[in-house]
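Comments concern the structure below.
The values are calculated or read from the model by the stated rules, or taken from the named source; none is laboratory data. Computed from a predicted structure; not experimentally measured. FYI the Cβ positions are ideal-geometry reconstructions off the backbone, even for glycines, and counts take in every protein chain you see. Heavy atoms of the whole protein, side chains included, go into the accessibility calculation; ligands, DNA and RNA do not. Shrake-Rupley method; radii C 1.70, N 1.55, O 1.52, S 1.80 Å.
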Amino acid sequence: MTRTLIAVLAIAALFALLVLAGAHSVLVQRVEPAVVSTPTAIALSATEAPVEERQGYIYGRVTTVDGATYEGRLRWGGDEEAFWGDYFDGSKGENPWAALVPLERLQESRPLEVFGFEVWRRETEIELRRPFMARFGDIERVEASGLDLRVTLKSGTRFELDRLAADDFADGVRVWDDRQGVFDFVEGQIRAVEFLSTAPVGTLPERLHGTVRTRHGDHFTGFLQWDGGQNIRTDALSGQTADSAHPLRFDAIRSIARRAPDGTTITLLDGRQFDRFGDGPVSPGDHGIYVDDPRYGRVLVASDAFERVDLTPGGSGPAYGDFPPGQPLTGSVLTRDGRRVVGRLVYDLDESETTETLDAPSKGVDYTIPFGLIASIMVPNAAERGPQPATVTLRGGKELRLERNGDLGDGNAGMLVFVDGREQPEYVIWADVA
């Protein structure tokens with residue numbers, strides 16, 4: 001290769017990098033006051049939360065890549081997560097617990113069959129990458145560095161996340177700074193976010209709250225997040241009615257109910273009803289509706305399972321100080337052959353603290369239950385697996401029959417049990433857990 005050709009290629013590569021960097025800088029250098037429109041609503045009600053009830057709003061200090069700091073109320077994605085009970089989502093970059101398990105025990109054998117006959121078996125490694133979910137109230141700090149994202153919990157536990165798969169961080173954050181104004185920061189501008197107890201934040205609307213009923217007769221009461229984003233009573237329900245071209249704000253609505261076969265009835269606070277809304281039935285969209293029900297932690301009601309929601313006042317939710325640091329999981333594992341192993345637990349080679357969650361579905365509802373609420377988990381044996389649900393018993397005695405999916409499915413990577421007095425933890429594969 002000639003020197004001239006090498007020079008040409010080098011210049012071309014440098015030009016491509018500059019183009020990419022320029023495109024990125026257009027995204028990250030835009031810091032401007034946020035424009036928050038107030039949609040016209042029908043029959044508006046008083047929705048301002050008293051001062052003592054505003055502690056549920058996320059508050060913190062944002063440090064930018066150039067060293068500037070902004071402190072105030074935060075809302076992620078501009079119009080999404082706004083409260084301490086909302087969840088920060090991401091993807092764990094690696095699994096530190098895997099190093100404590102013999103490599104051969106993290107292999108699984110999959111048969112290849114032709115016309116019902118096994119012709120070959122393939123050995124593959126168990127999938128150990130796991131999503132990360134934590135309530136904002138459980139987090140102390142989020143720091144960005146290169147392709148990594150470090151999340152430090154109140155307990156001091158740190159998680160290294162894959163920054164490219166951290167959706168909430170990628171959506172950026174809005175900051176209401178009393179001294180400097182309101183700013184939207186995109187992902188590339190943020191070096192760190194430190195969470196702080198909520199300071200006085202002025203006049204704010206209430207959080208969306210109510211009772212959601214499903215087609216199967218279940219009901220859940222608590223703070224709501226509609227279609228994965230709207231969670232403040234002044235947020236608007238998209239669409240329009242025959243009588244109004246304006247979106248309806250949630251503070252104008254008393255209830256939303258599915259009406260067979262494909263309609264919806266919306267009842268306003270002033271008693272008026274609309275039997276159709278937009279081009280079809282109103283439902284919580286593709287993302288469903290989250291309910292922070294204190295009995296279960298958080299549930300997600302799928303659009304197909306949604307039957308009705310009745311909206312009620314509820315304030316702003318728990319304050320930052322209401323989320324205590326997580327504690328190590330401890331308990332016992334009963335195996336299929338009758339052995340009982342007692343000690344500190346790592347569930348699914350992943351969850352190790354009381355604030356982390358068991359995730360599993362049932363009848364169109366996805367449950368996200370902090371392990372601190374769980375007393376026991378009973379798993380059907382191999383002969384009964386398939387349609388047989390697992391039984392999750394909560395601290396209050398309530399039993400849930402959850403489907404064998406998610407953290408209760410065959411993809412579970414098993415248990416690590418740190419028994420007192422032993423140098424190495426004992427590993428129990430999921431198939432052996434009773």
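Tabulated results
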{"quantity": "Lysines whose Cα lies under 23 Å from that of K154, excluding same-chain neighbours fewer than 8 positions away", "calculated": "K92"}
{"quantity": "Within straight-line cross-link reach of K363, lysines at Cα separation under 18 Å, skipping those fewer than 8 residues along the same chain", "calculated": "K398"}
{"quantity": "Integer Hz, Karplus 6.51/-1.76/1.60 couplings in order for the stretch 392-409, x for Gly and Pro", "calculated": "10, 9, 8, 4, x, x, 5, 9, 10, 9, 10, 5, 7, 9, x, 6, 10, x"}
{"quantity": "Relative contact order [Cα under 8 Å, 6+ residues apart], the stretch 325-365, whole percent", "calculated": "40 percent"}
{"quantity": "Relative contact order (percent, whole number), the stretch 147-226, Cα cutoff 8 Å, 6+ residue spacing", "calculated": "14 percent"}
{"quantity": "Selected from F371, V419, P387, residue furthest toward positive end of dipole (the stretch 362-421; charges at beta carbon)", "calculated": "P387"}
{"quantity": "Share of carbon and sulfur in the accessible heavy-atom surface of the stretch 321-411 [1.4 Å probe, %]", "calculated": "49 percent"}
{"quantity": "Average accessible surface area per residue within the stretch 115-210, 1.4 Å rolling probe, Å²", "calculated": "51 Å²"}
